[in-house]
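Please treat every number below as a calculation from the coordinates, not as lab data. Predicted, not measured: the structure shown is a model, and the values here were computed from it. With ideal geometry, Cβ positions are generated from the backbone for all residues, glycine too; neighbour counts draw on all protein chains shown.
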Amino acid sequence: MGRLISKEWAAERAKLIDAQRANCDTTAGEMPVGNDTTYLSVVDRDGNMVSLIQSNYESFGSGIVAPGTGFALHDRGGLFSMDPASPNALAGRKRPLHTIIPAFAQKGDTRVAFGIMGGWNQSQAHAQFMANLADFKMNIQAAMEAPRFSKHTFGGCDVILENRFSQAVRSDLTNKGHKIELKGTYTSDVGGGQAVMRDFAAGVNYGASDPRKDGQAAAELPFE
């Protein structure tokens, strides 16, 4: 969006206009390709929460728009298996294996709504986020920023690690037989997420946003 409304982008596109000659082969400007999945979490002044992931699966989902709605229906049914012996076999009244898993957590007077996108990485990233909160006592922003690992295959010993894991950790994993694929400081390969938290005892809301993905933690000021 920032590029679309910038003066520089407008000037670049304007150069393609020649008042003296028709341009019969004008193409659309190339824009950075974004990620298709959107996640949001919201908490209001009373502590009511929403945790929502929107993803059509393929670019235009099923390609079907329900009349009067203006949005395309998803095609997550494509994730069913055609193997009749599989528990994920296509059948009526079933839901396919998928990765849409917006999350909630609660302990005592504290509640969290969170979600970390990234396909099969979601459940892995969620587990790490919760471990950071519950076991390592991080706040939700630190828990979201902490280095993550991910495995995108079901077999083999390959594992993706962000380079903020110490060399000692990497060496220990290598010595145990893991095949490490080292990524950058904050890589989208381990997902990107958002989170909100409500401390009911204190009456305070908190928000966190992952630097691995576009997004922000935004507070709405109370009405006067």
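Observations on the structure shown:
- In units of the rule-of-thumb radius 2.2 N^0.38 Å, the stretch 149-190 shows an alpha carbon radius of gyration of 1.09.
- 0 to 90° range, to nearest 10: angle between helix 121-134 axis and the chain longest Cα axis: 50
- Mean residue ellipticity at 222 nm, helices only, the chain: -4500 deg cm²/dmol; runs of at least 4 DSSP H residues each add -39,500 (n - 2.57), and the sum is divided by the number of residues.
- Principal axis extents of the Cα atoms in the stretch 124-224, from largest to smallest and rounded to whole angstrom, are 59, 27, 25.
- Within the chain, percent of DSSP bridges classed antiparallel, to nearest 5: 80
- Of Lys151/Lys176; Lys137/Lys183; Lys179/Lys213; Lys151/Lys183; Lys176/Lys213, pairs whose Cα-Cα distance is over 23 Å: Lys137/Lys183; Lys179/Lys213; Lys176/Lys213
- Cut-off under 5 Å, modelled amide H: who pairs with Glu181 long-range: Val159, Ile160, Leu161
- Residue-by-residue Karplus 3J(HN,Hα) for the stretch 40-57, coefficients 6.51, -1.76, 1.60, Hz, glycine and proline x: 9, 10, 9, 9, 9, 5, 8, x, 5, 10, 10, 10, 9, 10, 10, 7, 7, 6
- Partners of Lys15 within straight-line reach, counting lysines whose Cα lies under 16 Å from its Cα and excluding those fewer than 8 residues away in the same chain: Lys7.
- Between the C-alpha center of the stretch 53-99 and that of the stretch 152-170 there is a gap of 31 Å.
- Under the Karplus curve 6.51 cos²θ - 1.76 cosθ + 1.60, θ = phi - 60°, whole-Hz ³J(HN,Hα) for the stretch 163-176, x wherever Gly or Pro sits: 6, 7, 5, 5, 4, 5, 5, 4, 5, 4, 5, 4, 5, 8
- Simple point charges give the picture: +1 on the Cβ of Lys and Arg, -1 on the Cβ of Asp and Glu, and for the chain a dipole about the Cα centre of about 440 debye.
- Average Cα contact separation per residue, the chain, under 8 Å, 6 or more apart, as relative contact order %: 16
- In the chain, the ratio of gyration radius to Kirkwood radius, Rg to Rh, stands at 1.05 when only Cα atoms are counted.
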